[in-house]
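S.K.: Structure incoming, see below.
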Ligand SMILES: [Zn+2]
Ligand SMILES: [Zn+2]
């Protein structure tokens, strides 16, 4: 099972909500990963979400999103791996170059969304995503 303490709201409130669709997709991802998945943030309570901001965050509020990195894999490789999971490929994927450890946001929304995040800003679309990846390769 992929549920872990790292998925609880990071503010320390002890709340955790992870929807079935997300658990299934993360289990599929786990099977594709040669190393370890480190979860930065999965569920966020409303106060914590306000605290951290971010306009994609409603998916975290509903237990439908996870922020993570995969140890020993670069951002380009992470994007490739998470794209192999149908629910993420057909849902939302964002690449974050400016986290302490660069990583990806994945969510199981029912429409296709891609974006990148670098220099503290969002850059929408596949162009934004590939730019974020390129920033980690400098
Ligand atoms: Zn909280
Ligand atoms: Zn996220």
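Quick note: the coordinates plus some simple rules give every number you see, no bench work behind them. As the structure is a prediction and not an experimental result, all values here were calculated from the model. For neighbour counting, all protein chains shown are included, and Cβ atoms are generated from backbone atoms with ideal geometry for every residue, glycine included.
S.K.: What single numbered condition from (1) free of Cβ contacts under 8 Å to residues at least 40 places away in the same chain; (2) surrounded by fewer than 19 Cβ atoms within 10 Å (Cβ to Cβ) fails to hold for residue 51?
M.R.: For residue 51, the exception is condition (1).
S.K.: From the list 134, 113, which one is free of Cβ contacts under 8 Å to residues at least 12 places away in the same chain, out of contact with any helix residue (DSSP H, G or I) (no Cβ under 6 Å at 6 or more places or on another chain) and either within 16 Å of ligand 1 (Cβ to nearest atom) or more than 20 Å from residue 37 (Cα to Cα) (or both)?
M.R.: 134
S.K.: Do the conditions hold for residue 79, that is, is it within 11 Å of ligand 2 (Cβ to nearest atom) and under 21 Å from residue 129 (Cβ atoms)?
M.R.: Spelling it out, it is not the case that residue 79 is within 11 Å of ligand 2 (Cβ to nearest atom) and under 21 Å from residue 129 (Cβ atoms).
Here is a yes/no grid of residues against (1) surrounded by 14 or more Cβ atoms within 10 Å (Cβ to Cβ); (2) more than 20 Å from residue 32 (Cβ to Cβ); (3) touching a helix residue (DSSP H, G or I) at 6+ places or on another chain (Cβ under 7 Å):
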position	(1), (2), (3)
68	yes, no, no
75	yes, no, yes
82	yes, no, yes
88	yes, no, yes
98	yes, yes, no
101	no, no, no
104	yes, no, yes
125	no, yes, no
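S.K.: Looking at the stretch 10-32, can you tell me whether even one residue there is in contact (Cβ under 8 Å) with a residue 24 or more places away in the chain, touching a strand residue (DSSP E or B) at 6+ places or on another chain (Cβ under 7 Å), within 16 Å of ligand 1 (Cβ to nearest atom) and more than 22 Å from residue 130 (Cα to Cα)?
M.R.: yes
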